[in-house]
Each structure stands twice: as structure tokens, then as C-alpha cells.
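Colleague: Sending over a structure as C-alpha cells; questions will come in a sec.
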Amino acid sequence: YEVVLKIGSDKPHPGGPKDPTRPIGTIPAVWTYSYGYVQAPRGRANEFVPGLPPYNPWVQRPPGVNEYWAELDFPEFGKAGDFDKALYNTFCQTRHHPELFDVRPAIDGRYHTLTTDWRTELRPIPNVTDAQVVEQGGYHWVNDKSVPFDAYLGNPLKRLGKDRYAVYAGKEANHWLDGKPVARNVKYVPSMAGQLNVGVWLPDWAGPAPWHTAEVRIASVKIWQYNDDGDVRGVLTKDIPDNFGKDGKAIK
């Protein structure tokens, strides 16, 4: 992914932030996101349900409901009003790993290029047998509590042969700012495809926003695919819909 954007402005304007390059109180962000859930039958929240893959009792939130989640943040700017460092987060089901990295070169009110390579891989998972998985939609899902959750993190498996499997796993996400390495994620990197999002919001954790108007501008977006062996597609498909109309105006 490559996104060219400008946070704030290099010139002040009436009613704008005191520092026009830092629209404090906002969280400008670029992120991938996909989310899905599977609900267990009544009274079976703590067990695998072979007839309902991919229900997994280790991926509960709340009880009886799976939370499948794939997200990369590259990055989220402005936590608590701090635009010098930004959040490069990973989310893989119920696991989350936040990282803070220096992004000061991007905070000058001018356009900058954010680039991320998200890579996946097939990772051998030993001692899983045909009797411990259930197939659905071209993927195999663990259906046995004896398989350690940390070995697959709720991700689906690929059958390699009789009683032989590998897990579709996130490998790494490498991030660049204007062509220079700025961040890297290697923990809880997801493998399930997600929707690319660019947005701005004003959550409580951004801090106060003492201004009337501020801006973030997006110049271009590019997407390419590596088709890595660990890519999972067509599983988490209930993504956030496009919230821009054909004329470029936001849909309310």
C-alpha cells in the first residue's frame, strides 16, 4: 500500500490549530481492517462445534461469539495530541500488539508518502491430524482444544497431505516514510485480507481539539499484491463499506 497525504497545513488559518502542522485532538490514520464473528449454539460457547467451522472457543469476545479481526495501522497519528510518534498496531483475532515510532519528518503540513509491505507465509504446524480439523470454504479450521492456540492464533490451516498441515500466518509488516524505513511489525501480524481505510476521527484518547477547522488531504492511494502463500481471502468479507459517494462527498 502507498498513501500520499498531508496532515494539517504549513500555514495558519483563522479558527485553525495554534500549530497548523499539528491538528491536536484528531487521529489521522491509514489502516487495513476486516472483522467477522461466528456465534456458537446455545450452551456450547466453550467447545468446538464441528458443524460450525470456524467457531473457536479460544477466540471469544463476548462469550459464545468469536471475534475474528485482521488489522494493521500504518500509522495512527496524534494519540493524546502527540504527533511526533505514531502508533503502528497489529491485530490478529484477540491478540493486539502496539508499537510507537518516530514520524516527525511527516509533521510539517506538507505531503508525504506512507508505504507498507504486508507479507504472509505458510508456517508448518506439527502434530495436527485430519481428525483435528474441519474444512470450510477451501480452508481447514482447528476443531480440537489440544492444538495449542499460540501455534495458529485462530488462523485457518492448509492441508499438505494426510495428517500434514501448515497455518496461514502473518510474517511481517514493513513501513516506510518518504522511502525511508520507519517501522516494522513482526508480532500478531494478521494473514486474513482486510479493507484499506484512510480516515480522521476525534476519539477521547486523542485529547482536546481547541480549534474550529483543521484538515488532512489525501493525494493518492496505490495498492499492489504479492500473492504470498499465507494470504487468506474471502473469509472476512463484512468490511466497512465505502463512505464516499461517486462525487467524492461523504455519505452521511
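The values are calculated or read from the model by the stated rules, or taken from the named source; none is laboratory data. Since this is a predicted model, take the numbers as computed values, not measurements. Counting neighbours? That spans all protein chains shown, and the Cβs are built from the backbone with ideal geometry, glycine included. Quick note on the areas: whole protein, heavy atoms, side chains included, nothing else; ligands and nucleic acids left out. Shrake-Rupley method; radii C 1.70, N 1.55, O 1.52, S 1.80 Å.
Colleague: Rolling a 1.4 angstrom probe over the protein heavy atoms, how many square angstrom per residue are accessible across the chain?
Modeller: Value for the chain: 52 Å² per residue.
Colleague: Just subtract the alpha-carbon distance of Ala151 and Asp178 from 0.36 nm times their residue separation and send over the number in nm, one decimal.
Modeller: Extra length available between Ala151 and Asp178 comes to 6.1 nm.
Colleague: Separate question: Could you state the per residue volume, in Å³, of the convex hull enclosing the Cα atoms of region 78-194? Let's see the in-between values first.
Modeller: Values: hull volume 13.9 nm³, N = 117.
Dividing the Cα hull volume of region 78-194 by its residues yields 118 Å³.
Colleague: Comparing Pro12, Pro28, Pro57, which has the greatest mean-square fluctuation in the GNM of the chain with Cα pairs linked when under 10 Å apart?
Modeller: With Cα springs under 10 Å in the chain, the top fluctuation among Pro12, Pro28, Pro57 is at Pro12.
Colleague: Go through Leu153, Gly81, Gly199 and say which Cα lies farthest out towards the positive end of the charge dipole of region 74-207; charges sit on Cβ, +1 for Lys and Arg, -1 for Asp and Glu.
Modeller: The listed residue farthest towards the positive side: Leu153.
Colleague: For the chain, modelled as a GNM with alpha-carbon contacts under 10 angstrom, which of Ile223, Ile107, Ile24 fluctuates the most?
Modeller: Greatest mean-square fluctuation among the candidates belongs to Ile223.
Colleague: What FRET efficiency, computed as 1/(1 + (r/R0)^6) with R0 = 22 Å and r the Cβ-Cβ distance, is obtained for Glu135 and Asp163, rounded to the nearest 0.05?
Modeller: So, using R0 = 22 Å, E works out to roughly 0.95.
Colleague: I'd like the carbon and sulfur percentage of the solvent accessible area for region 34-100, probe radius 1.4 Å, heavy atoms only, ligands and nucleic acids excluded.
Modeller: 52 percent
Colleague: Next question, about the same structure. Per 5 Å bin, what is the whole-percent P(r) computed from every C-alpha pair distance within region 47-147?
Modeller: Pair shares across the bins are 2, 10, 14, 16, 14, 11, 9, 8, 8, 5, 2, 0.
Colleague: Moving to a separate point now. Once the piece of chain linking Asp82 and Asn127 is laid out straight, how much longer is it, given 0.36 nm per residue of separation minus the C-alpha distance between them?
Modeller: 11.5 nm
Colleague: Let me ask something else. What share of Cα pairs, in percent, lie more than 28 angstrom apart in the chain?
Modeller: 41 percent
Colleague: In Å, what Rg and Dmax follow from the Cα atoms of region 132-203?
Modeller: 16.7, 52
Colleague: With every protein chain present, what accessible area does Ile218 have (1.4 Å probe, heavy atoms only), rounded to the nearest 10 Å²?
Modeller: Counting only protein heavy atoms, the figure is 90 Å².
Colleague: If you keep only loop residues by DSSP, which trypsin sites (Lys or Arg not before Pro) in region 81-117 have at most 16 other Cβ atoms within 10 Å of their Cβ?
Modeller: Sites meeting the loop and neighbour criteria: Arg110.
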